[in-house]
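Okay, structure first, notes after.
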Amino acid sequence: MTVEETPRTNSKFKLVGPKEVGYNVKQVDVFLERARAYFLNDDTNGPAITSHDVRTASFDPARGGYSAQAVDAAMDRIEDEFVLREKDLLIGAEGEKAWMIKIGKTASVLRARLHRPDGERFRRPSKNSAQSYNINDVDVLCRELLVYIEDNGELSVDVVRRAVFAPEKGAAGYEESQVDAFLDRVVELMAAIDPLATH
């Protein structure tokens with residue numbers, strides 16, 4: 001991460017305009033400092049931070065806050081570093097076979113859902129007022145993921161990280177929380193397979 005000089009902060013990230021909405025500065029700084037301290041010190045007394053924690057971290061919106069795009073890009077790079085270390089630690093403790101078994105199990109679970117027919121891969125919300133994701137949009141990405149997993153297709157993990165689906169209402173779309181949880185596992189797998197080729 002490069003330091004960008006601004007008159008308002010000594011931070012690593014660019015601030016948006018005072019009337020624009022970015023990420024809460026304090027929350028970002030606190031999380032990144034915790035992540036950095038944990039990463040640099042294996043013997044930390046604080047709670048462990050994992051690649052999953054980095055991937056699922058969220059920050060409140062704030063006027064004049066950090067640029068969301070800049071923070072998101074940095075969080076992606078940090079997640080990749082954590083994935084690499086977690087891989088090294090598992091291989092060091094249990095051998096490469098343990099790592100391959102873990103990857104294989106995750107891929108098998110994901111593949112089973114991806115093989116479901118279009119329109120049937122995820123639940124539909126039970127409430128008509130619930131926000132949901134456009135089914136076709138999600139299914140298009142799922143078909144691309146199936147090619148990636150089974151046929152060595154080319155797909156960047158950032159495509160999955162930044163995926164956006166048209167909104168629907170209720171049972172007209174897929175349940176957002178289930179799709180989000182599934183894509184979280186997909187990102188975990190893709191980053192684990194080749195974390196250095198994710199950008």
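Close Cβ contacts (under 9 Å, 6 or more residues apart or on different chains) running from residues in the stretch 158-171 that are exposed (fewer than 13 other Cβ atoms within 10 Å of the Cβ) to residues that are of a type outside the set (Asp, Glu) comprise Ala166/Tyr133; Ala166/Asn134; Ala166/Asn136; Ala166/Gly173. When you go through (1) under 21 Å from Thr106 (Cα atoms); (2) among the small types (Gly, Ala, Ser); (3) at pLDDT 95 or above one by one for Ala163, which number turns out not to apply? Result: Ala163 fails condition (3) only.
Looking across the stretch 129-169, the residues that are farther than 29 Å from Ala74 by Cβ and outside any helix (DSSP H, G or I) come down to Ser129, Ala130, Ser132, Asn134, Asn152, Glu168, Lys169. The residues of the stretch 27-75 that are among the hydrophobic types (A, V, I, L, M, F, W, C), in a loop (DSSP other than H, G, I, E, B) and at pLDDT 90 or above amount to a single one, Phe59.
The values are calculated or read from the model by the stated rules, or taken from the named source; none is laboratory data. These figures come from a predicted structure and were not determined experimentally. No Cβ is skipped: glycine too gets one built from the backbone with ideal geometry, and neighbour counts run over all protein chains shown.
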